[in-house]
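Report on the structure given below.
The values are calculated or read from the model by the stated rules, or taken from the named source; none is laboratory data. This is a predicted model, so every value here is computed, not measured. Cβ sites come from the backbone with ideal geometry, for glycine too, and all protein chains shown count toward neighbours.
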Amino acid sequence: MPQDPLAIVQGAVEALRDRGSHLLASADSLARLASTTTAAAPDQQSQPEPARAARKFTEKVADFAPTRSADHTAKAAPVISKAGVATETGTKAERLAAMRGPVLACAKCPYLAASRTQVVFGVGNPEAEVMFVGEAPGADEDLAGEPFVGRAGQLLTKMIETMGFHRREVYIANVLKCRPHMPPGESGNRKPTGAEMETCKPYLLDQIGIIQPRIIVALGATALEGLLGEQKLGITKARGTWREFHGVPLMPTFHPSYLLHNQSLVEKRKVWEDMLAVLERMGRPITAKQRAYFLPR
Ligand code: URA
């Protein structure tokens, strides 16, 4: 029995969605495409007619369907496979709450468990569209139990607000959830090791998998390295260029602490342009005033 052309169209659209493409075509143009004919490849000739038609259609649509990385209207990130302690059911808030206990009790790095005041889980909106990821808690965060509350955090909060969000609207987390301990007698912060970040990364993966942000912002070289393993390129070259993390578009930018040390307009503008790119990709309105921040007068 010949198959309904609409069913063929729907099958093809679903196949594309499964492959991560988001279709931006009207029903009319889909119907027109469904009725087009192209010569089938020899190995497809033996397929039953509806399957052949659906495949031809899928290939045609794939020609103009935007890829995920070029799709500025993508709403939901693909589900990331569960790697750590997340449960599979419940709302995003419930699932984040359910994984908090095991993460707070983590002792996978016994020396960090011994030196920390507390684990710094992450903070913000479980339904956030944007997630900011830093490297590890510092002394202030270790005491407060919340990421980015020190000087760098205050600058990050300003940046988020300048973008038009409230801090509570986005989600903020670190690759490493414990403050990297300092050798006895030394103060300050140290960079987390690759091994520490790898050990902790399943928790971040779970957080991202639950929240499914539309965009991730990697704050600084270490966060970028922790997320993508990109060590060689360096943040100076990587910033401002879109990456992908498990199907989620990722924008690397400088860490706010870099801006605390280098207050030049030029460097601030670079970070701001990265944030404008994020807003553009999300389809958020951007005012002329916002576009002009940190430009030389
Ligand atoms: N720097 C980070 O990378 N994360 C924090 O939470 C604080 C400072």
Hits in segment 120-137 - residues which are assigned to a loop (DSSP other than H, G, I, E, B), surrounded by 24 or more Cβ atoms within 10 Å (Cβ to Cβ) and among the hydrophobic types (A, V, I, L, M, F, W, C): VAL120, ALA136
What single numbered condition from (1) within 16 Å of the ligand (Cβ to nearest atom); (2) without any contact (Cβ under 8 Å) to a residue 24 or more places away in the chain; (3) assigned to a loop (DSSP other than H, G, I, E, B); (4) acidic (Asp, Glu) fails to hold for ASP140? (3)
Of the listed residues (HIS261, HIS181), the one being over 20 Å from LYS92 (Cβ atoms) and at pLDDT 95 or above is HIS261
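Take ILE215 and tell me if it is buried (at least 22 other Cβ atoms within 10 Å of the Cβ) and in contact with a helix residue (DSSP H, G or I) (Cβ under 6 Å, 6 or more places away or on another chain).
Working: buried (at least 22 other Cβ atoms within 10 Å of the Cβ): yes; in contact with a helix residue (DSSP H, G or I) (Cβ under 6 Å, 6 or more places away or on another chain): yes.
Spelling it out, ILE215 is indeed buried (at least 22 other Cβ atoms within 10 Å of the Cβ) and in contact with a helix residue (DSSP H, G or I) (Cβ under 6 Å, 6 or more places away or on another chain).
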ALA136 over 21 Å from the mean Cα position of the chain (by Cα) and at pLDDT 95 or above: no
Exception for LEU259 within (1) over 22 Å from LEU204 (Cβ atoms); (2) away from the ligand (no atom under 16 Å from the Cβ) falls at (2)
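Condition check ((1) away from the ligand (no atom under 16 Å from the Cβ); (2) over 21 Å from LYS191 (Cβ atoms)) across all residues:
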{"residue": "GLN212", "(1), (2)": "yes, yes"}
{"residue": "ILE215", "(1), (2)": "yes, yes"}
{"residue": "GLU230", "(1), (2)": "yes, no"}
{"residue": "GLY234", "(1), (2)": "yes, no"}
{"residue": "HIS246", "(1), (2)": "yes, yes"}
{"residue": "PRO252", "(1), (2)": "no, no"}
